[in-house]
C-alpha cells in the first residue's frame, strides 16, 4: 500500500514545521493544521489514518478534536501531544479512545514508538478485515458453483419434456442432438438394438465416438455382459418402458472412470411403441470436488475465526450469542444461546452503551473500550468493534463483535498516569501535612512557654495526626509505584480485628451509624502482612461508613462485620451495610485505579489498593449490591501462605 497519511495539528508553527519534516523523512504523507477547525476540514478532505494533535489549542482543543474525529471515523488512530503539566488531560484523552500520548518537547524515539504502535493497529485491523472479506467471497463463490452443479445433476426433470421434441426429429438424430451441444452433460440416443445412434458434442469429446457401439459399453467392461445389463439404465428403460434415474460409473477416453447421475426417458412412435431412448448423464465428480473445496474453505475460515487473537462472537437481534471463536470460549465459557450482556458483563439487562445495539440500529460499525468479566471472574480491558452481517437480500440479520484484549496496555498507561498524578498529589498532600505539623509544633511550643498543658496536648495530637497522614502517603506511594511481594508473618486475627475496630469506630461516632462485630473464637492466626491487610480492611470499612453517611433515605444505619472461617484453609471477612447500594456500572469499576463515585471528594486509590493487597495475599473480594439494598463485601484470605 502507499504511504500512511498523517495529520499534524499544533498551534505552534515551529513545531508543525520541524515535526512535519521529521514525519515526512520517516515515510509518512503529512498534512498540517494550525487549529481544530482547520484540522476538521483537512480530515474531511484527506481522511488521514493517523492524527497527531496538541491538547491545548485555542478554539477547539485537542480533546474535543479527538471526540469529533472518533465520531466520524472510529478507526482513526489519534496520538495526543501534551505539555508536562497536562497529564490529567492526557488521561481524559485515553478515556476517549486516543491511541497514545507523548510529551513536549517531543523525543524522536518516543514519537517513533507511538507511530509504530498506531501503524501496527491499523495493519492488524486491515488484515483482519481483508481476510474476512476474502474468505466470505470465496465461500460465496464456491457455494454458487456448487448450487450450479447441483442444478446440473437435476436435469432429469427436463428430460421427459425434451423427449417429446426428440420424437419429432427422430428421423434426423444428428441434427436433433446438435441442439443439445451446449449442454454441460453427456447426451446420447439409443435404438431398439441397444446401439448408440447419436451423441452431443461433450459426449464425443470426453467419451469418444461411440455411435454404433453397444449402449452399455460406456458403463463397464465389455467382457462382463451380466454386469453391463445390471448397470445399464438404457436396457432397463427398454424393458420397463419407464424412465430411469440412477448413479453409475462411465469410462472416459483416457481409461479413467468417473461417477455420473444418469437420467433416461423413452421416445415413442405414433403407435406408442418405444423406438428410442434418450440418455442424459451428468458428471458428479466436479460436484464432489467442489464440495471438498468448500469444506476445506470452511475449515480454513473456521481456523482463522478461531485463531484470531481476539474474542469474537456473533449476536442475533435478541442479543443471543449464536457463534463464538475459540478464544471467546476459553475466556467466557460456553456462550451459545446466552445473552451477550450476561456472558461478558454478568448483567441481567442490556448494557447502557452497547455497540451491538448501535450496529443493529444504524447498520454501521461501532467501537468502544470497556471492561469484561471472564468465566473465572477475571476482568480484562478490551477494545470492542462491531461489524454488521447481512443475508443475500441485504438485510442485517446478525452482528459480529470483535474484542481485543488491551489489559497490558491499560496497565502500562495506568502506571504512567499514576506516577504522574502522584507527583502532583503527593506534593499537595505534603504541603498540607507540613502546614499541619507547623501548627502542631506552634501549639506545643507556645503551650510549653505559657505552661498551658491543654495546648501542648492539642499540639501533640495535631502532630500525631499529621504523622499518620505521612505514613499513609508513603504506603500509598509504595504500593502504587511498584509491585511487591508482601512480607508474611504470623498475625493474630483477634488483634487485627481490634486494631481495625479502633480505627473505624471513631469515624462513625455522632453519625448515627452502629457497627456490630462478630468474631469466630475458633480463628486464631493467619500468615499475612499485617500492615497491608489492615489498610485494606480499613479502606473497605471506610467506604461502607461513607456510603451510609451519604444515604438520605434513613437517619440511622448499621454495618455488620463478621469474621468467620471459610472452610479449613481460609478466613472470611464479611462487611455488610444498609446504605444506598450500587448499580452494576459502579460495581464493575469499583476497584479500578482512580475511579471514585464520590467525585472530587475521593482519590480512587483506597479500594484499588485494597483489591491489590488482597490479591497479593492470594485472596479475593466479592461484592454484592443493588440500588437501595445496601452492599456486602466478602474478603476471603487464605490462612496460610501459598
>> Taking 60 Å as R0, compute the FRET efficiency from the Cβ-Cβ separation of residue 249 and residue 44 and round it to 0.05.
In response: 0.35
>> If I model a spin label as a point 7 Å beyond the Cα along the Cα-Cβ vector, how far apart are those points for residue 474 and residue 67 in nm?
In response: 4.3
>> Give me 238, 633 sorted ascending by neighbouring Cβ count inside 10 Å, so fewest comes first.
In response: 238, 633
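Please order 203, 258, 252, 28 by the number of other Cβ within 10 Å, starting at the fewest.
Values: 203 27, 258 16, 252 13, 28 21.
Final ranking by Cβ density, sparse to dense: 252, 258, 28, 203.
Between residue 622 and residue 127, 0.36 nm times their residue separation minus their Cα-Cα distance comes to what?
On the way: separation 495, 0.36 × 495 = 178.20 nm, distance 4.02 nm.
Additional length available on full extension: 174.2 nm.
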>> Need one number: nm distance between label points at residue 211 and residue 361, each 7 Å from Cα along Cα→Cβ, rounded to one decimal.
In response: 7.3
> Using a simple spin-label model with points 7 Å from Cα along the Cα→Cβ vector, what separation in nm is obtained for residue 349 and residue 488?
Replying inline: 4.5
>> Could you work out how much longer the chain between residue 369 and residue 18 gets when fully extended? Use 0.36 nm per residue separation minus the Cα distance between them, nm to one decimal.
In response: 123.0 nm
> With a Cα-only, solvent-free Debye model of the stretch 5-106, what are the log10 I(q)/I(0) values at q = 0.12, 0.20, 0.22, 0.23 Å⁻¹?
Replying inline: -0.32, -0.96, -1.18, -1.30
> Contour minus end-to-end for residue 376 and residue 454, with contour as 0.36 nm per residue of separation and end-to-end as the Cα-Cα distance?
Replying inline: 22.3 nm
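Rounded to the nearest 0.05, what FRET efficiency do residue 507 and residue 296 have when you use their Cβ-Cβ distance and R0 = 60 Å? Let's see the in-between values first.
Working: r = 69 Å, r/R0 = 1.14.
My answer for the efficiency is 0.30.
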> Suppose R0 equals 56 Å; then what is the FRET efficiency for residue 389 and residue 519 from their Cβ-Cβ distance, rounded to the nearest 0.05?
Replying inline: 0.45
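Report the Stokes-Einstein translational diffusion coefficient (µm² s⁻¹, integer) for the stretch 308-405, Rh taken as the Kirkwood radius over Cα pairs, at 25 °C with viscosity 0.890 mPa s. Present the calculation step by step, with values, prior to reporting the outcome.
Values: Rh = 13.3 Å.
So the translational diffusion coefficient is about 185 µm²/s.
Computed from the coordinates by the stated procedures, all read-outs in this text should not be read as laboratory data. A quick note: this is a predicted structure, and the numbers were derived from the prediction, not measured. Every residue, glycine among them, receives a Cβ derived from its backbone with ideal geometry; neighbour counts consider all protein chains shown.
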